[in-house]
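Notes to accompany the following structure.
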Amino acid sequence: MAELGASITSALAKATRAKSVDSELLDSILKEISTALLSADVNVKLVATLRTNIKKRVNLEELGSGLNVERVINEAVYRELVAILDPGVPKRSPKRGKQNVVMFVGLQGAGKTTSAAKYAHYYKKKGFKPALVCADTFRAGALDQLKQNATKVQIPYYGSFQETDPAIIAANGVKRFREERRDLIIVDTSGRHRQEDSLFEEMRQVATAVKPDIVIFVMDGSIGQAAYDQAKAFHDSVDVGSVIITKLDGHAKGGGALSAVVATKSPIAFIGTGEHMNEFDEFDAEKFVGTLMGRGDIGGLINKIREVGPPEEQQMEMMEKVMKGQFSLRIMYNQFASMMKMGGMSSMMSMLPGMANVIPPSSDKETQARLKRMMCIMDSMTDKELDHTTGQMISERSRIERWARGSGTTVPEVEVLLAEYKKLQEMFGKSMKLPKNAKMPKGGMQNLGKNPQAAMKMAQSMMGGMGGMAKMMEQMGGMEGMQKMMQQMGMPGMPGMPGGGMGGGGMPGGSMTAAQQAKLKQMMKKM
């Protein structure tokens with residue numbers, strides 16, 4: 001999907017670079033976009049319709065001279081892509097104040113059990129009290145997998161190794177959790193290797209036994225256009241309320257799966273973008289296409305940071321320490337932990353306008369591995385060492401050797417970590433130092449969380465408004481400085497930059513051009 005987004009934005013960039021847009025250039029842009037969509041396995045008829053509709057929207061002869069043609073083309077492509085991914089049917093969601101029974105169905109291997117746990121985890125964070133029921137008696141190890149996932153997200157579960165009738169297990173599990181006043185009871189059902197009559201009959205029996213409020217069909221996103229037949233078969237057999245599409249990370253056929261499911265008029269509720277419990281995003285066609293086209297999703301990024309970050313009081317306490325020059329290894333450790341919970345850096349960067357595809361998804365695993373290794377070294381430190389900020393204690397050779405032994409790493413790796421820590425300490429000390437004219441609010445930084453106006457004034461005094469971001473970047477050495485900062489945090493870096501962090505190699509490709517850097521700075525100044 002990242003490759004699809006890169007291809008679309010690359011095609012649209014032609015209009016930006018051109019002095020004027022004529023019908024020949026428009027055809028060239030649409031040809032590139034069509035090729036990208038076909039490569040992502042989107043149905044050829046849908047692509048042809050999209051191309052025709054965009055040409056109708058962008059009638060160059062009828063456009064007024066004062067209109068921005070580039071913007072009109074972008075908006076037309078955006079609207080038509082949204083139309084492909086929006087069936088116009090509302091998806092069903094659990095309702096507060098009642099006990100919701102949700103039944104998960106799908107073929108074996110689609111990620112049904114993992115998705116059920118992710119779904120429970122998602123709604124637990126929203127204040128629901130979920131529970132999981134394993135009614136899969138066909139697959140060996142199904143209950144063990146559900147138990148493992150449920151334990152990981154601290155959600156109660158029910159299953160049986162003795163009972164063989166899935167309808168009875170489902171009914172008993174739902175009854176038990178109703179009595180325990182759980183308001184979101186999720187029933188995981190059996191899957192099969194292919195669509196069989198016995199599978200659909202079993203689904204109907206379980207549905208009769210538990211009378212679900214919502215039926216969710218889980219589908220493997222890597223199957224492409226074959227998703228249409230699957231989705232239709234399940235939709236015709238049970239009352240599917242919404243769809244979860246899994247394995248969209250890195251699969252070229254993701255576009256085909258998304259568009260095929262929508263063709264059945266089945267609303268997509270969530271998409272699975274990775275193995276971790278947090279790699280599970282609510283699907284919104286407009287936001288999805290916006291991110292794909294590099295428009296970003298600031299609101300989504302803020303919500304994600306709030307979900308995985310420490311409590312607000314801890315964040316304020318950390319900010320106050322950093323502003324006083326007390327950037328410790330513990331603070332760096334906590335930042336790494338939050339980044340790990342957020343998933344890949346590529347998805348984070350794609351939520352920032354204009355920053356999509358800056359970091360390729362292929363680098364995410366390497367980044368995660370580096371952060372884990374750094375955190376492992378810090379796990380071998382004492383509380384006193386983690387909270388130390390002057391740098392003398394952590395430079396002692398005997399401690400460095402002990403950390404290497406304790407973490408199973410080498411002395412040079414520990415020294416690299418400490419060098420990166422010192423660079424980050426210096427960088428944060430410069431960028432977050434409180435100016436002379438800025439006053440600390442009454443009650444210290446803790447009071448800012450309860451006083452948004454005070455927080456805004458503090459931010460303005462620190463950075464001179466959002467435009468200060470550009471100045472900060474300039475102080476860091478422009479985009480290359482930003483890339484170096486990312487490398488110091490254990491990330492492979494942006495394309496074209498040499499590798500940093502734990503000694504890894506850089507990513508291939510060209511770095512941002514001077515024009516792109518200037519455009520980004522200009523955009524930040526306008527914010």
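Rounded to two decimals, the Cα-based Rg/Rh of segment 2-85, with Kirkwood Rh, is 0.95. Using the Kirkwood radius built from alpha carbon pairs, what does the Stokes-Einstein equation give as D for segment 100-295 at 25 °C and 0.890 mPa s, in µm² per second? So the translational diffusion coefficient is about 147 µm²/s.
The amide H of Thr273, built 1.01 Å from its N in the peptide plane, has Phe280, Asp281 as neighbours under 5 Å, considering only residues 5 or more places off or on other chains.
With contacts taken as Cα pairs under 8 Å at a separation of at least 6 residues, segment 100-295 carries a relative contact order of 24 percent.
Each Lys or Arg adds one and each Asp or Glu takes one away; over the other residues whose Cβ falls under 14 Å from the Cβ of Gly408, this sums to +1. Which FRET efficiency, nearest 0.05, do Thr151 and Leu60 yield, Cβ-Cβ r, R0 51 Å? That gives a FRET efficiency of 0.25.
Scalar couplings 3J(HN,Hα) for segment 99-108, obtained by applying the Karplus form with A = 6.51, B = -1.76, C = 1.60 to θ = phi - 60°, are 8, 9, 10, 10, 10, 9, 10, x, 6, 5 Hz; x denotes Gly and Pro. Straight-line cross-link reach from Lys247 at under 16 Å between alpha-carbon atoms covers these aspartates and glutamates, not counting any fewer than eight positions away in the same chain: Glu3, Asp41, Asp220, Glu275, Glu279, Asp281, Glu282, Asp364.
What the phi angles of segment 13-20 give under the Karplus curve with 6.51, -1.76 and 1.60, with θ = phi - 60°, is a coupling list of 5, 4, 5, 5, 6, 6, 5, 8 Hz, glycine and proline written as x.
Every number in this text was worked out from the coordinates using simple rules, so none of it is lab data. All of these numbers come straight from a predicted model, not from anything done at the bench. A quick note on method: Cβ atoms are made from the backbone with ideal geometry, for glycine too, and the neighbour counts reach across all protein chains shown.
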